[in-house]
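The structure appears right after this line, and notes come after that.
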Amino acid sequence: MLEYLAIIISAILVNNIVFAQFLGICPFIGVSKNLDSALGMGMAVTFVMAVSTAVTWVLQHYVLEPLGLGYIQTIAFILVIAVLVQMLEIIMKKSSPGLYAALGVFLPLITTNCAVLGVAIIVAQKNFAFLHSIIYAVATALGFAMALAIFAGIRMQLDLVDVPRPMRGVPIALITAGILAMAFMGFSGL
């Protein structure tokens, strides 16, 4: 039980996928303009990251490693994630229109989110057991969602203050993201 707690705390705070590993920066900057879209993206990433990690773990341990095909891991994982996201989009559109309406806009963005691929590769490199992999993926996605929510709140506040013209938009967002990354470095002693 303590082992799972360590994985969760590490994935959310200490090794946050955005602030410590710098993965998923594009949706982090692009989707974090308001809190609703940030939370929607966070929810979609959590779902897709958990499912894709489970599928890529099975692929890694039961297909790639036994057949000696580890060298095509990245390509195989990219294909699996792209196909999985497309299948999820089709299934949700038909079976759960409400959920599709909530997540549908974000699903195509997740196909190109390097954080999803990064977690699948990290899980393979660390040789986690299946349950550890799923816990790590969900915790990492929750850390991504938390980073998006925090950043969205800060960006909404930045819209209310007088920022010098050359610093408006992306420049102040990048500076703020850098300060947040330094703040999260404080968790590295945990």
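The values are calculated or read from the model by the stated rules, or taken from the named source; none is laboratory data. As the structure is a prediction and not an experimental result, all values here were calculated from the model. Please note: Cβ atoms are built from the backbone with ideal geometry, for glycine as well, and neighbour counts cover all protein chains shown. All accessible areas refer to the heavy atoms of the entire protein, side chains included, with ligands and DNA or RNA removed. Shrake-Rupley method; radii C 1.70, N 1.55, O 1.52, S 1.80 Å.
Points worth noting:
- Accessible surface of region 16-123, 1.4 Å probe: 75 percent of it comes from carbon and sulfur atoms.
- Highest-fluctuation residue, L23, L67, L109 considered, GNM on the chain with Cα pairs under 10 Å: L67
- Of the trypsin sites (Lys or Arg not before Pro) in region 92-142, those whose Cβ has at most 13 other Cβ within 10 Å and which sit in DSSP loop: none
- Mean accessible surface per residue for region 1-158, computed with a 1.4 Å probe while every protein chain stays in place, in Å²: 47 Å²
- Difference of contour (0.36 nm per residue) and Cα-Cα distance, V63 to A6: 17.6 nm
- For the chain, a Gaussian network of Cα nodes joined below 10 Å ranks S96, S52, S32 by mean-square fluctuation, and the top entry is S96.
- Residue of I122, I17, I72 that the Gaussian network model of the chain assigns the largest fluctuation, springs spanning Cα pairs under 10 Å: I72
- Anisotropy class of region 74-115 from Cα gyration tensor, a/c 1.5 cut: oblate
- Shape of region 20-126, Cα gyration tensor, a/c cut at 1.5: oblate
- Whether region 90-190 is rounded, prolate or oblate, judged on the alpha carbon gyration tensor where a/c under 1.5 counts as rounded: oblate
- Alpha-carbon centroids, region 1-73 and region 101-180: separation in whole Å: 10 Å
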